[in-house]
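**Student:** Shown below is the structure under consideration.
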Amino acid sequence: MNKITKILTVVVTCLAVGYFSGIVTRSAIVDWYPTLIKPSFNPPNWVFAPVWTLLYIMMGVAAGLVWNRIDFEKEIVKKALIVFAVQLALNALWSYLFFGLHNPMLAGLEIILLWLMIYETYLQFFKINKISGYLFIPYLAWVSFAAVLNAAIWWLNR
């Protein structure tokens, strides 16, 4: 498989995870989320879809570039891609915990683990391909903001 195919494969995978996470989110955005007290820095709902779409594309490009190095650095690439897969699963789990179960506290605890796995993915990717590492910085920043937002929503609605 060539580099472009690897990148496209992971981008489509990431977008699919985002799409399926969005299914859980959609009904809660209409029924449950509007009933919550939100902090003043809560972005409007329309911001989330384009931001997450861009982040999923960047994640996929980063992972595809790392995957492309598998013939040269097999063990470190395998480890990095496993960490990537774990953080992607945790990303999907957060949506289920927050929007599916309507549980900001549990989602808040989980987002800490998600952030740590994103950071570990960043470190692993940066060792293999610096551009891949850099592509994870906006994701890390957004999830940092999301963690603060999650905590604020939990606090205001406890």
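**Student:** Among the candidates Ile57, Ile70, single out the residue that is assigned to a helix (DSSP H, G or I), at pLDDT 95 or above, in contact with a helix residue (DSSP H, G or I) (Cβ under 6 Å, 6 or more places away or on another chain) and not hydroxyl-bearing (Ser, Thr, Tyr).
**Tutor:** Going through Ile57, Ile70 in turn, the sole match is Ile57.
**Student:** Among Gly108, Gly100, which is out of contact with any strand residue (DSSP E or B) (no Cβ under 8 Å at 6 or more places or on another chain), touching a residue at least 24 places away in the same chain (Cβ under 8 Å) and more than 18 Å from Tyr19 (Cα to Cα)? Spell out how you get there, then give the answer.
**Tutor:** Details: Gly100 fails: more than 18 Å from Tyr19 (Cα to Cα).
Going through Gly108, Gly100 in turn, the sole match is Gly108.
**Student:** So, of the residues in the stretch 89-120 that are of a type outside the set (A, V, I, L, M, F, W, C) and in contact with a Gly (Cβ under 9 Å, 6 or more places away or on another chain), which turns out to be nearest to Met59 (Cα to Cα)? Working first, answer last.
**Tutor:** Pass one, the stretch 89-120, residues of a type outside the set (A, V, I, L, M, F, W, C): 91, 95-96, 100, 102-104, 108, 110, 119-120.
Checking which are in contact with a Gly (Cβ under 9 Å, 6 or more places away or on another chain) leaves us with 91, 95.
Details: Asn91: 12, Ser95: 17 Å.
For the stretch 89-120, the residue satisfying everything is Asn91.
**Student:** What are the residues in the stretch 131-146 that are within 12 Å of the chain's Cα centre (by Cα) and crowded, with 18+ Cβ neighbours inside 10 Å, if any?
**Tutor:** Phe136, Tyr139, Val143, Ala146
**Student:** Shifting gears a bit: Within 18 Å of Asn157 (Cα to Cα), part of a helix (DSSP H, G or I) and more than 18 Å from the chain's Cα centre (by Cα): which single residue out of Ile37, Ile29 fits that description?
**Tutor:** None of the others qualify; the one that does is Ile29.
**Student:** Out of Ala89, Ala63, Ala28, which single residue is over 30 Å from Lys130 (Cα atoms) and not β-branched (Val, Ile, Thr)?
**Tutor:** Matching residue, one of Ala89, Ala63, Ala28: Ala28.
**Student:** Another question, then. Restrict the check to the stretch 15-25 and report whether at least one residue is among the small types (Gly, Ala, Ser), part of a helix (DSSP H, G or I), within 14 Å of the chain's Cα centre (by Cα) and at pLDDT below 95.
**Tutor:** Yes, there is a match, as at least one residue in the stretch 15-25 is among the small types (Gly, Ala, Ser), part of a helix (DSSP H, G or I), within 14 Å of the chain's Cα centre (by Cα) and at pLDDT below 95.
**Student:** Just the residues that are aromatic (Phe, Trp, Tyr) and touching a Leu at 6+ places or on another chain (Cβ under 7 Å), please, taken from the stretch 77-117.
**Tutor:** Trp94 - this is the single residue of the stretch 77-117 that is aromatic (Phe, Trp, Tyr) and touching a Leu at 6+ places or on another chain (Cβ under 7 Å).
**Student:** Somewhere in the stretch 42-56, is a residue surrounded by 19 or more Cβ atoms within 10 Å (Cβ to Cβ) and either within 14 Å of Ala147 (Cα to Cα) or among the hydroxyl-bearing types (Ser, Thr, Tyr) (or both)?
**Tutor:** Yes.
**Student:** With the requirement that a residue be over 16 Å from Val24 (Cα atoms) and outside any helix (DSSP H, G or I), what does the stretch 86-145 give you?
**Tutor:** Asn129, Phe136
**Student:** How about the stretch 69-97: which of its residues are acidic (Asp, Glu) and without any contact (Cβ under 8 Å) to a residue 40 or more places away in the chain?
**Tutor:** Once the filter is applied, which keeps residues that are acidic (Asp, Glu) and without any contact (Cβ under 8 Å) to a residue 40 or more places away in the chain, the stretch 69-97 yields Asp71, Glu75.
The values are calculated or read from the model by the stated rules, or taken from the named source; none is laboratory data. No experiment lies behind these values; they were computed from the predicted model shown. Neighbour counts run over all protein chains shown; Cβ positions are idealised from the backbone, glycine included.
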